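In what follows, a structure is listed as structure tokens, so that the remarks can point back to it.
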Amino acid sequence: MTTRGSADRLSPAELGAWQGLLRANAQLLRLLDADLKQSHSLSESKYDVLIQLGVSPGRRLPMTALAREVLMSHSGLSRLVDELAREALVVRERREDDARSFDIVLTPTGRTRLKAANRTHLQRVREMFLDRLTDQQLEQLIAVWNTVDPQLVAGSTQKPRASAHPVQQAHTT
């Protein structure tokens, strides 16, 4: 049985779990970012924006919703969207219901680039993470994330379910 730590010290098991999460996340994101930049000239942040748009109805999201999905500030996302727009991967369209707001829309060029990047990205996600886990371990991870916060798996705009992670839904059609 694992002993829990205190308010000012983690137990060895807690420390191992927490540091493992932080280090695995940092290492995987660093490697995936480098792969995307090298093979598709996309940062992980740009890829995340494209994925969120690719899995959204109409391949579009209001800027505020997109900011929530990619966990960025509105100003940081605005700069990133400007870069993506210069590359013709997205466009800003004024919202019909609120002329002060914009939807960010994935362009056909963006969709093509996303499909190509997605294939590479998923292959690396499998190599570096998913293929190293058994089916039981994958289900355990989903259970862990759902225990911590169901929105970690479900996302705020998608219905909660075991396969709602954007990487798994990234097969845009």
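Only the coordinates and a few stated rules stand behind these numbers; no lab work does. Note that this is a predicted model, so its numbers are computed, not measured. Note that each Cβ is placed from the backbone with ideal geometry, even for glycine, and that neighbours are counted across all protein chains shown.
Points to keep in mind about this one:
- Magnitude of the charge dipole for the chain, about its Cα centre and with charges confined to Cβ atoms of Lys, Arg (+1) and Asp, Glu (-1), is about 300 debye.
- Between the listed residues 120, 133, 50, the Cα displaced farthest toward the positive end of the dipole of the stretch 27-133, a dipole computed from Cβ unit charges relative to the Cα centre, is found at 120.
- The chain, relative contact order in percent, only Cα pairs under 8 angstrom and at least six apart counted: 20 percent
- Chain lengthening between residue 151 and residue 22 when straightened (0.36 nm per residue, less Cα-Cα): 44.6 nm
- Unit charges at the beta carbon, dipole of the stretch 27-133: most positive-side option, 88, 78, 105: 88
- Furthest towards positive pole of dipole, 13, 64, 34, structure part the stretch 8-68, Cβ charges: 64
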